[in-house]
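The values are calculated or read from the model by the stated rules, or taken from the named source; none is laboratory data. None of these values were measured; they are calculated from a predicted model. Virtual Cβ from ideal backbone geometry, glycine too; neighbours counted across all protein chains shown.
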Amino acid sequence: MMALKTGIVRDERYLEHMPGHTHPEHPNRLKAIHRMLDNDFPAALFPIDPESATLEQLELVHTPAYIEKVLKTADHGFTTLAPDTPASAGTYVSAWLAVGGCLKALENLVSGACDACFALVRPPGHHALHDRAGGFCIFNNIGITARYAAKRYGLKRILIIDWDIHHGNGLNDLFYEEKGVLYFSSHDMMLYPFSGDWGEAGRGEGEGYTVNIPIPRTMDDGEFFHLYREIIGPIMRAYRPQLVLVAAGFDTHKDDPIGRSGLSEQPFGWLTRLLMNLRAEVDGPPMLFVLEGGYNPRALALCVKETLEALTLEQAGEWPVVEETRLCKGLIEKAHGIHGHYGVW
């Protein structure tokens, strides 16, 4: 497996969003990743400098009234956009730049300057709805990127893979009636936003193009990887995406204070290598990883490191030896049972 030329979006201005010292989505998350990058990837990554999104780009997903509401947070030292989503005077800078960083990464991917990219942005985005914030998310970074990719570059098959432990309700709702974006999410339905049940599979033209897989907290590393191998594999081979966007949340880690799951950092290297192999089977679509959750800074940095090592190292580690458990078999059979008649994958 060949290493991919990998871009990285990194900027100190993402630290200007300060939701409070006790808030889980603290700048220390990104500071820990930056230290890891400086120690372990001093020259292996292709730097991409982000630019702020334009108003027109934000309006691909969000209402003008909501965008203005976010902008007005600059007038206050501290305010709230939602009960769980505080804002500081510098929040709008980070939020505009989070979208812009993803779009700049997309530009470099489409031009061929890099094969894959990791956008280390904050605030996160997969819970953000068209007219409101929520779940620590302000603008829907990946949603805007997918919309822009379709409009600017004419892409007709975009795959979003959301492995954050929280269901990306903003992404789910945004593309629920469309087939140009296939949204896949594995998540714990007992956590915010308490959505993403099995039967939520799309509507109208988008029927079958939303794949929600609720997972139990008892799932271990091997089961998590096997679930992805048996479901994402058929999805990518059938859908043949022109762009893969990964909502890269790492709050499934056992040390995460919010996720309540039991995984280590290792599965994220396995999953990334799996996507690289599948990418090679379907004409090599560019892959953009966008940071979402993960609230233990040390664990978060370890998970990002696993992902980047998989993308950049020529010598890959061994695949896990996984025996299909009763739990995993049941989840896979249920997914196929629900989605089989749609004929999407």
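Condition first: in a helix (DSSP H, G or I) and either crowded, with 24+ Cβ neighbours inside 10 Å or modelled with pLDDT under 95 (or both). Now tell me which residues in the stretch 150-171 satisfy that.
GLY170, LEU171 - these are the residues of the stretch 150-171 that are in a helix (DSSP H, G or I) and either crowded, with 24+ Cβ neighbours inside 10 Å or modelled with pLDDT under 95 (or both).
Table: residues versus (1) surrounded by 22 or more Cβ atoms within 10 Å (Cβ to Cβ); (2) of a type in the set (A, V, I, L, M).
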| residue | (1), (2) |
| --- | --- |
| GLY262 | no, no |
| ARG273 | no, no |
| ASN277 | no, no |
| PHE289 | yes, no |
| GLY294 | yes, no |
| ALA310 | yes, yes |
| ILE338 | no, yes |
| TYR342 | no, no |
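List the number of the failed condition for ALA280; all other conditions in (1) within 22 Å of the chain's Cα centre (by Cα); (2) under 26 Å from ASN39 (Cβ atoms) hold.
The single condition ALA280 does not satisfy is (2).
Mind telling me which of the residues THR54, THR6 ends up being among the hydroxyl-bearing types (Ser, Thr, Tyr) and out of contact with any Asp or Glu (no Cβ under 9 Å at 6 or more places or on another chain)?
THR54
In this structure, does ASP251 turn out to be under 17 Å from the mean Cα position of the chain (by Cα), more than 14 Å from TYR228 (Cβ to Cβ) and in a loop (DSSP other than H, G, I, E, B)?
Spelling it out, ASP251 is indeed under 17 Å from the mean Cα position of the chain (by Cα), more than 14 Å from TYR228 (Cβ to Cβ) and in a loop (DSSP other than H, G, I, E, B).
Out of LEU278, LEU302, which single residue is under 26 Å from LEU155 (Cα atoms) and either of a type in the set (Gly, Ala, Ser) or assigned to a helix (DSSP H, G or I) (or both)?
LEU278
Are any of the residues in the stretch 159-174 touching a Cys at 6+ places or on another chain (Cβ under 8 Å) and within 19 Å of VAL61 (Cβ to Cβ)?
Taking every residue of the stretch 159-174 in turn, at least one turns out to be touching a Cys at 6+ places or on another chain (Cβ under 8 Å) and within 19 Å of VAL61 (Cβ to Cβ).
I need the full set of residues from the stretch 265-312 which are among the hydrophobic types (A, V, I, L, M, F, W, C) and touching a Leu at 6+ places or on another chain (Cβ under 7 Å), in order please.
Once the filter is applied, which keeps residues that are among the hydrophobic types (A, V, I, L, M, F, W, C) and touching a Leu at 6+ places or on another chain (Cβ under 7 Å), the stretch 265-312 yields MET276, MET287, LEU288, VAL290, LEU291, LEU311.
Only residues that are under 21 Å from ALA146 (Cα atoms), of a type in the set (A, V, I, L, M), touching a residue at least 40 places away in the same chain (Cβ under 8 Å) and part of a strand (DSSP E or B): list them for the stretch 180-228, please.
Result: LEU182, VAL211.
Answer yes or no as to whether ALA98 is over 24 Å from GLY294 (Cβ atoms), touching a Phe, Trp or Tyr at 6+ places or on another chain (Cβ under 7 Å) and either assigned to a helix (DSSP H, G or I) or basic (Lys, Arg) (or both).
When the stated conditions are applied, ALA98 does not pass them.
Condition (residue is assigned to a loop (DSSP other than H, G, I, E, B) and in contact with a Gly (Cβ under 7 Å, 6 or more places away or on another chain)) applied to the stretch 282-293: is it met by at least one residue?
The answer is yes, given that some residue of the stretch 282-293 is assigned to a loop (DSSP other than H, G, I, E, B) and in contact with a Gly (Cβ under 7 Å, 6 or more places away or on another chain).
Going by the structure shown, is GLU333 modelled with pLDDT under 95 and either surrounded by fewer than 17 Cβ atoms within 10 Å (Cβ to Cβ) or in a strand (DSSP E or B) (or both)?
No: the conditions fail for GLU333.
What single numbered condition from (1) within 23 Å of ALA87 (Cα to Cα); (2) buried (at least 16 other Cβ atoms within 10 Å of the Cβ); (3) of a type in the set (Gly, Ala, Ser); (4) in contact (Cβ under 8 Å) with a residue 60 or more places away in the chain fails to hold for GLY7?
In the conditions (1) within 23 Å of ALA87 (Cα to Cα); (2) buried (at least 16 other Cβ atoms within 10 Å of the Cβ); (3) of a type in the set (Gly, Ala, Ser); (4) in contact (Cβ under 8 Å) with a residue 60 or more places away in the chain, GLY7 misses (1) alone.
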